[in-house]
Amino acid sequence: MKLIILLFLGYIGNLSPIIEITPKSSDPTELLALSKSAEQQLRKEISNFALKFKGKAYRYGATGPRNFDCSGYTSFIFHHFNVQLDRSSDLQAKQGKQKRVSQLKPADLVFFGTQRRIQHVGIVLEASRGKLVMIHCSSSKGVVIEDVYQSDYWKDKILFGKDVINN
């Protein structure tokens, strides 16, 4: 049996595969490993695309590509990869598979606020013991990269994360 897995990342003029994987067997463990590899590649592509907008200005209600607000930024980035996110951070928090902060991976969403209200969303770039780096659109700085745990502002407001790739 021959199985080819193609991963298409966005529409750029035409649809062409970024990754083509042809497993040597139909062994389910091999297919699972390939699936994880394709997922890691997609997460890397999302993170790299998000970085291209570093320095763009904040504007309330803006959805890019010149200006963004926080949820306009996340929806713009994921839309490029055919992952449809709702427009507001409040609604985005209801999408995908919920994760504890300790389970986050690059290209997961991370949400901030109070127990009563979602106030902000960012995209995880790096998650490891003692480090949670996100890229987000801040109302005071625009699109920036910050380590949540090193920020007196963000570390106390973190609520949870969401995986919108594997939901």
Listed by first then second residue, the pairs whose first member lies in segment 81-95 and is in contact (Cβ under 8 Å) with a residue 24 or more places away in the chain, whose partner is of a type in the set (Gly, Ala, Ser) and part of a loop (DSSP other than H, G, I, E, B), with beta carbons under 6 Å and at least 6 positions apart or on separate chains, are 81/10
Give me a count of the residues in segment 59-102 that are part of a helix (DSSP H, G or I) and buried (at least 16 other Cβ atoms within 10 Å of the Cβ). 12
Here's a check for you: in segment 38-58, which residue that is surrounded by 15 or more Cβ atoms within 10 Å (Cβ to Cβ) and basic (Lys, Arg) is farthest from the chain's Cα centre (by Cα)? 56
Filter segment 136-153 for residues that are of a type in the set (A, V, I, L, M, F, W, C) and buried (at least 21 other Cβ atoms within 10 Å of the Cβ); which is farthest from residue 72 (Cα to Cα)? 148
Whichever residue in segment 82-119 is modelled with pLDDT under 95 and among the hydroxyl-bearing types (Ser, Thr, Tyr) and, among such residues, is farthest from residue 72 (Cα to Cα): 102
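The values are calculated or read from the model by the stated rules, or taken from the named source; none is laboratory data. What you are looking at is a predicted structure, and each value in this text was computed from that prediction instead of being measured. A quick note on method: Cβ atoms are made from the backbone with ideal geometry, for glycine too, and the neighbour counts reach across all protein chains shown.
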